[in-house]
Structures are given as C-alpha cells and as structure tokens.
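So the structure is just underneath, and the comments pick up after that.
The values are calculated or read from the model by the stated rules, or taken from the named source; none is laboratory data. Keep in mind the model is a prediction, meaning the values are calculated, not measured. Virtual Cβ from ideal backbone geometry, glycine too; neighbours counted across all protein chains shown.
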Amino acid sequence: MDRRYSFAVLLVVVSVSVVFGMILGGRLNAPSTMLAVTDPEWLKPPQSERPASTGALMDFADIAERTLPAVVGVQNTSIHTVPEGEGETPFEQDPFFRFFQFRQQDPERRSDGFGSGFIISSDGYVLTNNHVVQDATKLTVELKNGDKYVANVIGKDPSIDLALIKIDPGDKPLPVLALGDSQGLRVGEWVLAIGNPLGLDYTVTVGVVSAKARNFPIGNTIPGVASFIQTDAAINKGNSGGPLVNSRGEVVGINTAIFRGGFDNPLVEGVGFALPINVARDAVQQLLETGSVQRGFLGITMNSIDIDEDARDYYGLPDTHGVVVTRVQTGMPADKAGVRQNDVIRSVDGAEIANSNDLLAKIATRRPGETVKLGVFRGGKTIAIPVTLMSRDEGLAAQQRPLTPTAAPVPEDSPADDLEIEVDEITPALRDRLGIDESVAGVVVTDVNASSIAADKGIAPGMVITAVDNKPIRNIEDWNRAMSKLGVGDIVMLDIRLGAQNLFVHLKVPEIQ
C-alpha cells in the first residue's frame, strides 16, 4: 500500500476519533435539559440503557461539580406565641431583664430549622421533604452561588414525606437536576448523598445502595406507600430533602431519615434512607394540580402475615404470592365489586402481588375513580374482579365504623386441644386489662407452648381468637366444638384480633406424641 495513502487513511481515522471524543465529552459534561416541571417529558424516567460496567471507579468529583449548583439549602422559620410564663429562659426570670422590657406581654418565639432540597425545573420548582417545610411561617431557599429566594409551598404529601415548593428566579434560568429511574437501582450501586448536614452546607458523602424497598414508618409515612432506599452514604440532620444521586448525576432518591444504632451515643454510625424518586415523580403531578395527593383505596383489611406453606396448602395456591383478605368493609369499593373475606388477591392489572405492602403500594399509586382489575384466587380458580377505587382519606374515615357481627354457628359438643393453645373467656377484667374493644367477641389466648407450631407462627398470650375456619368463636364452648372437628394433618385457619389488627394464621394440626 502506498505510504501516502496509508498516511491519509490514518489521518482520517484520527480526525474521526477526535471529533467523536469531542461529541462524547460534550454529552458527558452537558448540563441537564432544563424542562419546565409542567412539561410531560419531565415526568418520564430516562429511557437510556444502563451502561456496561467497565470496572473503573467513576470520578465523584465530576459528579459533585455538575450536581452541586442545583442543590439548595432550605431554612424554615416558624414564629409562634408562647403563653405567659411558659418557656421562660433564665434571663427572662431575671428582674433586670424584665426592667429593661426585653420581654413582651405576649412573647413570640422564633425557631429556625434547616434542611436541603434540589431544583427540578429552570423556572424554580424545588423538591424537598414534607418535614423540612412543616409549620413554616417563612421559607427561604439559598443557592450555592449565594442567591436567596423566598419560597412558597405548592403542595405536600405526608404519606411519603414529600413537599414541592417554588421560588421565583425572574428571567434568570436556574440550574436543574435530571431525575433518574430508582426502579433500576441495584443493591451495591454507588450513590452520592448531597445536602447541608449539621449546618455544613453543600456536603457530599459517598456510599452504596444497601437495600431497596424498606417498608417501615418514618415520621408520618405509610409503609408500603413510601418504600425507602437504604444507603450507607452518610445522611445526617440537615440532609433531609437533598438528592441521592447515581453515578450518572441523576437523582434517584430524596434523603429522608437516618436510623442510629444507639440513642446514647451520637457518634454511632447510622443507616440512611431515601425516598425513591419514582415514588416522588408519581405524586408531583397531583401536587401541581391540586396541592395534595389523593390515593386509591379498596376497603379491605389484609393479613399482615405473608402467605406460608400451610396457608398455600389451605387455599390450594400454586405458590406463596398474594394477600389474604381478612375483612371486607361494607359499602367500600371492594365490597361493591364482590371481593369476599378469604379471597386471595394475586395480582393488580396483571402485575403479581408479593405481599400486603406490595398491594398497598400498587393501590396507593392509583387515583380515586380509577378502575383496577384484581386477580383473585377463590375456590381453586383465579377470577378477575374490576374495582373502582375511592379516596384513601374518605375510606379510612369510613373504616372506623364498627363491623357488623355475624351469626354464631350451631353448637356441637366434644372438646379437643391439639394445637397446644390455652384460651379463656373474655371477662370484663381481661377486656379492661388487655384493652380489648367491646365489639370484639371470641376467646383470649392465655398460654402457648413455647415449642409448639402455634408459637412458631407468632400466636401469643393476649391475642383474641374470633373465628376458626371462618366460623365465629364467642366462648370456650365454640372453641372446643371447633377443635373437636380437627384431625391430625388438617390445616386450620384462626382469625385473630390483636389491637386494631386482624390476622389469619394457618396451623397444621400435629400428631401428639
């Protein structure tokens, strides 16, 4: 090949490589698209595929440099009046302090709280936590460049600890953070927590996603509705509301809380939790429209104990997925649609249900008035039941009404006790001591053999057994009659009341040695 021709080919290859590198570099360093929060594209998770891992550690400094300008500090100023004589400081009790009239007749107290947030649209919408803005008389937002703005609350959703606030930058476009896809997060993936912990502004900490879908109450959040990302990236007081960012600089969570290992040692390293951005994204549109979030409601109570092998065999299920309906509230959407007690809800709109938190989350993300199709296992087969949802707030208020008692079964004689559970009548003294509601009928568990299958399933003294295999239990005679019908190897379902909670516990009758 001619040397001049080879040189020309090489020159073309190098030129193309340089141009490609410039384009790629521009893409990596380009700022996030500045969409208005009302733009429909803003609500969609990114569609780009996850890049293949190269094994190289990303440059956290580059991510922080691109991200920090859109992270803000949020100051919550609350002013309230304290009644005469309450909350006095030692100085206020000093006669000279009173003489110089430093104390007002109706003293006002000012408290300042600090948190974090991040800008999601160039026209000034900011996401943060509800508890950061709660009870605020005035909200002030400060950017990294020192600019300060007064913020207004657009809407709040305490059930997931989310708040949407707005500042007015005038004609000056603001830097924004792109929202990622929290569903695609993997345990072990690198993340950065950014915010203003302990008054130390614009702090960046690095860690990994330790776990996903952590369901437990944080503040006023509802387990299942707010399903948190767990991370070991340090989150401290003041970080609340700041972004949890992935290796591409996209927000995948909102830093919300930290759980410490010990209350007596403030230096104990804690576990951080962040609200998944997909959960926040689903709520933002409603906050923009109405200032609040309305969530769907079925009108059932569910067994909080996941389906195990005994329950699977009892119902004839192919696996342990699903939720057992323990109560159907009269007049609620599920009741109107034909859902029954003991139905096993296996899917919502074709999506499989793993457990009660999963069902709660799927229903809570739907709006009142929407119709969902429940896949219900009943009588050995799966049927589809369409249910039109109502508002969760309205449904919870209606659920406080007492349940209508069902008729008792016809008594039959013959006692038995193969489950190693001792029960007694609910006397007025026991009812008062255990806080059993007057509307609850049944027998109270007084003792359980610690090595029994009943103890393994969580049955304990103080619980009230209200039914056996759906047949109401009102007294010891009812209990003994129900037990007498059981044989070795039979699986029995106990309907148990614990406080305001209903449980279904399935026990396989053992062979007594």
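Structural remarks
- Residue satisfying all of: in the range 230-275; in contact with a Lys or Arg (Cβ under 6 Å, 6 or more places away or on another chain) and modelled with pLDDT of 90 or more; farthest from D201 (Cα to Cα) among these: Q230
- Applying the criterion of being surrounded by fewer than 17 Cβ atoms within 10 Å (Cβ to Cβ) and β-branched (V, I, T) to the residues of the range 315-333, the residue that is farthest from L360 (Cα to Cα) is T330.
- Just one residue in the set V191, V176, V187 is assigned to a loop (DSSP other than H, G, I, E, B), in contact with a strand residue (DSSP E or B) (Cβ under 8 Å, 6 or more places away or on another chain) and more than 14 Å from G117 (Cα to Cα); that residue is V187.
- The listed residue being of a type outside the set (S, T, Y), more than 30 Å from T137 (Cα to Cα), assigned by TED's automatic domain parsing to the domain that holds Q285 and more than 14 Å from the chain's Cα centre (by Cα), out of G195, G224, G188, G241: G188
- For first residues located in the range 391-402 and not assigned by TED's automatic domain parsing to the domain that holds M332 and at pLDDT below 70, partners that are surrounded by 14 or more Cβ atoms within 10 Å (Cβ to Cβ) and in a helix (DSSP H, G or I) and lie 6+ apart or on another chain with Cβ distances below 8 Å do not occur.
- For I305: the one exception among (1) closer than 22 Å to Q501 by Cβ; (2) modelled with pLDDT of 85 or more; (3) surrounded by 17 or more Cβ atoms within 10 Å (Cβ to Cβ): (2)
- Residues of the range 281-320 that turn out to be in contact (Cβ under 8 Å) with a residue 12 or more places away in the chain and either touching a Cys at 6+ places or on another chain (Cβ under 9 Å) or assigned to a helix (DSSP H, G or I) (or both), as a count: 14
- Residues that are assigned to a loop (DSSP other than H, G, I, E, B) and surrounded by 24 or more Cβ atoms within 10 Å (Cβ to Cβ) within the range 154-166 comprise I160, D161, listed in sequence order.
- Failed item, numbered, when V444 is tested on (1) in contact with a helix residue (DSSP H, G or I) (Cβ under 8 Å, 6 or more places away or on another chain); (2) among the aliphatic types (A, V, I, L, M); (3) surrounded by fewer than 18 Cβ atoms within 10 Å (Cβ to Cβ): (3)
- Looking only at the range 348-369, and only at residues there that are closer than 20 Å to A280 by Cα and part of a loop (DSSP other than H, G, I, E, B), the one that is nearest to the chain's Cα centre (by Cα): T365
- Of residues in the range 460-512 being acidic (D, E) and assigned to a loop (DSSP other than H, G, I, E, B), the one farthest from the chain's Cα centre (by Cα): E511
- Residues that are of a type in the set (A, V, I, L, M, F, W, C) and buried (at least 18 other Cβ atoms within 10 Å of the Cβ) were ranked within the range 466-485; the one that is nearest to Y314 (Cα to Cα) is V468.
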